Amino acid sequence: MTPAAVHAFFATLRAANPLPVTELEYTSVFELLAAVLLSAQATDVGVNKATRRLFPVANTPGQILALGQDGLESYIKTIGLYRSKAKHLMQTCRILVERHGGEVPRTREELEALPGVGRKTANVVLNVAFGEPTMAVDTHIFRLGNRTGLAPGKTPHEVEQQLLKRIPAEFMEHAHHWLILHGRYICVARKPRCWECQVSAWCDFRDKTPAP
């Protein structure tokens, strides 16, 4: 995609949805961190179902620790890999209490030092909670970056670096959400809904799906 096409691509997405938001439900930075940690290889819908039960009971690091491992597992057992996620969340909460006064740190290095928090999770927290122009590359964004020609790359990190380089600064704050939503509902994996796509005119994907 040419720079002009990239600009038109994002200008169109912005016009359709000026203020996109994550579909994970949260009311604090810690709730966001916990929800994103739990969302690995799980759907936002599934995570929200669990956290609607968990957060009214425990939504701070101290309260999660007070539940204990078994108590936490009882709230999130509907989520895939819940045992390992419970372990990581408990470890993360202990570090937040002992090293950060119970607050979520604002630097990438401190976030990535938390158990269960990788680069993608850190990017989501930095972008959504703190407004930093980061790019969390999940399966949707990885697919979309390659399929459209927006940001080709063999690894999520390569796609991330291409996106950071190619997306104009004016779109960076919300670009992550626009791309996730577009990949989740329009540029889907098996059969992209090209006939419904508002940005198909700037997309380099050749085998566009005809309307059914």
With 188, 199, 159 as the choices, which residue is surrounded by 19 or more Cβ atoms within 10 Å (Cβ to Cβ) and free of Cβ contacts under 8 Å to residues at least 40 places away in the same chain? 159
Taking only the stretch 18-32 into account, find how many residues are part of a loop (DSSP other than H, G, I, E, B), within 11 Å of residue 51 (Cα to Cα) and open to solvent by less than 70 Å² (accessible area, probe 1.4 Å). 1
Kindly indicate which of 106, 99 is farther than 23 Å from residue 44 by Cβ, assigned to a helix (DSSP H, G or I), out of contact with any strand residue (DSSP E or B) (no Cβ under 8 Å at 6 or more places or on another chain) and not assigned by the TED database to the domain that holds residue 14. 99
Residue list for the stretch 86-110, restricted to those being open to solvent by less than 40 Å² (accessible area, probe 1.4 Å) and either modelled with pLDDT under 95 or within 15 Å of residue 31 (Cβ to Cβ) (or both): 89, 92, 93, 96, 102, 104
Can you tell me which condition residue 160 does not meet? The list is (1) in a helix (DSSP H, G or I); (2) over 22 Å from residue 7 (Cβ atoms), and all the others hold. (2)
Matching residues in the stretch 123-137 (open to solvent by 20 Å² or more (accessible area, probe 1.4 Å) and outside any helix (DSSP H, G or I)) number 5
In the stretch 138-156, what count of residues is obtained for those that are under 22 Å from residue 37 (Cα atoms), open to solvent by less than 40 Å² (accessible area, probe 1.4 Å) and assigned to a helix (DSSP H, G or I)? 1
Residues of the stretch 33-69 being open to solvent by less than 30 Å² (accessible area, probe 1.4 Å), among the polar types (S, T, N, Q) and either modelled with pLDDT of 95 or more or over 22 Å from residue 95 (Cβ atoms) (or both), in sequence order, are 48, 51
Looking only at the stretch 59-81, filter to residues that are without any contact (Cβ under 8 Å) to a residue 12 or more places away in the chain and touching a Leu at 6+ places or on another chain (Cβ under 9 Å); which one of those is nearest to residue 103 (Cα to Cα)? 67
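The values are calculated or read from the model by the stated rules, or taken from the named source; none is laboratory data. Model, not experiment: these values are computed from the prediction. Neighbour counts are summed over all protein chains in view; Cβ atoms, including those assigned to glycine, are modelled from backbone coordinates with ideal geometry. SASA here: full protein model, heavy atoms, side chains in, ligands and nucleic acids out. Shrake-Rupley method; radii C 1.70, N 1.55, O 1.52, S 1.80 Å.
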